[in-house]
Amino acid sequence: MTKISMDDCFANNTCWPEDRLERYRRVHGDTEGVPVFSILTDPDISIVDKMWAVEAAELLSEDDMHWLALDFAAHVMTEANIEGMNAIKAKEAWMKGNNDEETLHKAELAAWKESKNYHRSKAAAYASKTNATIALRGAAALSAGAYGEDVDPIEKRWQWGLIKERLGLKSSQKDVGL
C-alpha cells in the first residue's frame, strides 16, 4: 500500500497547516504516513491536494502525465490560441514518435510568445515540455485559471475526473472541494 509521509507534505507546501496534517495522520495513518487511497477518496481533502498526492506517490506513468497535460491545455484553447494549439499538436506528434525535440521546442517557444497576448497559451507551452512532471503541473495550473484569474473549480473538477479515469478510480459526487 503506497503511503505519503508527513515530511513529504511539509516539504511540498501542501495547503494544510502542520497541526491539521498531524491530526489527519493520527486518524488515517501511522508513523510511516497516510495511505494514498484514503487521501484520494476523502471528500474533505481538496482536489488540488489530491492531485498533489497522486504526483507525490508517483501513481501516474510519464506517458499518462504527458497525455493529461495535453488534455488539460487543449480543453481551454480557443480560436485565438493558434500557436498554443500548434504546440499541443507538436507534442502529440512527439509522443507518437513523429516529431523531434527541436521541432517541439520551437512550437513551445511560439506558444510562449503568443501567451503574452493570449494567456491560455501558457498552458499549451507547459504541456509541450518534454519533462512530464513540469508539463503536467504547468498545464494543470494554467488551464484552471492560474494565469491571473481565480482558479476555476469546474475546470479543476474536470481535471480530477480525467486523473481518476487514468488511475481507475470510480467517480464520486463527494469530490467537491478545491
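The values are calculated or read from the model by the stated rules, or taken from the named source; none is laboratory data. Remember, it's a predicted structure, so these values are computed and weren't measured experimentally. Positions of Cβ are backbone-derived with ideal geometry, glycine not excepted, and every protein chain shown enters the neighbour counts.
Per-residue answers, yes or no, for (1) outside any helix (DSSP H, G or I); (2) surrounded by fewer than 22 Cβ atoms within 10 Å (Cβ to Cβ); (3) among the hydrophobic types (A, V, I, L, M, F, W, C):
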residue	(1), (2), (3)
P43	yes, yes, no
V48	no, yes, yes
M51	no, yes, yes
K116	yes, yes, no
H119	yes, yes, no
Y126	no, no, no
I134	no, yes, yes
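(1) more than 18 Å from the chain's Cα centre (by Cα); (2) in contact (Cβ under 8 Å) with a residue 40 or more places away in the chain: which one isn't true of L70, the others all being true?
Going through the list (1) more than 18 Å from the chain's Cα centre (by Cα); (2) in contact (Cβ under 8 Å) with a residue 40 or more places away in the chain, L70 breaks only (1).
Can you tell me which residue in region 29-47 is farthest from G161 (Cα to Cα), limited to those that are modelled with pLDDT under 85 and among the aliphatic types (A, V, I, L, M)?
Per the stated criteria, the residue is V34.
Counting just the residues of region 10-21 that are in contact with a helix residue (DSSP H, G or I) (Cβ under 7 Å, 6 or more places away or on another chain) and not in a loop (DSSP other than H, G, I, E, B), which one comes out modelled with the lowest pLDDT?
Restricting to residues being in contact with a helix residue (DSSP H, G or I) (Cβ under 7 Å, 6 or more places away or on another chain) and not in a loop (DSSP other than H, G, I, E, B), the top hit is F10.
Answer yes or no as to whether A140 is crowded, with 19+ Cβ neighbours inside 10 Å, in a helix (DSSP H, G or I) and in contact (Cβ under 8 Å) with a residue 40 or more places away in the chain.
In short, yes.
State yes or no: is M51 among the hydrophobic types (A, V, I, L, M, F, W, C) and assigned by TED's automatic domain parsing to the domain that holds I134?
Working: among the hydrophobic types (A, V, I, L, M, F, W, C): yes; assigned by TED's automatic domain parsing to the domain that holds I134: no.
Criteria not met by M51.
Counting just the residues of region 90-104 that are free of Cβ contacts under 8 Å to residues at least 12 places away in the same chain and either in a helix (DSSP H, G or I) or among the acidic types (D, E) (or both), which one comes out surrounded by the most Cβ atoms within 10 Å (Cβ to Cβ)?
My answer is A93.
All but one of (1) assigned to a helix (DSSP H, G or I); (2) over 15 Å from the mean Cα position of the chain (by Cα); (3) surrounded by fewer than 23 Cβ atoms within 10 Å (Cβ to Cβ) hold for A111; which doesn't?
Just one mismatch for A111, condition (3).
For W94, only one of the following conditions fails: (1) farther than 27 Å from V151 by Cβ; (2) assigned by TED's automatic domain parsing to the domain that holds D7. What is its number?
(2)
Please specify each residue of region 73-89 satisfying the condition of being under 17 Å from the mean Cα position of the chain (by Cα) and part of a helix (DSSP H, G or I). Write out each step before concluding.
Initially, region 73-89 is screened for residues under 17 Å from the mean Cα position of the chain (by Cα), giving 73-77, 88.
Result: A73, A74, H75, V76, I88.
Take D7 and tell me if it is in a helix (DSSP H, G or I) and not β-branched (V, I, T).
Yes.
Mind checking which residues of region 56-86 are in contact with a strand residue (DSSP E or B) (Cβ under 7 Å, 6 or more places away or on another chain) and crowded, with 21+ Cβ neighbours inside 10 Å?
Residues satisfying the conditions do not exist here.
Would you point out which residue out of K3, K91 is of a type outside the set (S, T, N, Q), under 25 Å from R166 (Cα atoms), at pLDDT below 85 and touching an Asp or Glu at 6+ places or on another chain (Cβ under 9 Å)? Give the derivation first.
On the way: K91 fails: at pLDDT below 85.
Sole residue among the options that is of a type outside the set (S, T, N, Q), under 25 Å from R166 (Cα atoms), at pLDDT below 85 and touching an Asp or Glu at 6+ places or on another chain (Cβ under 9 Å): K3.
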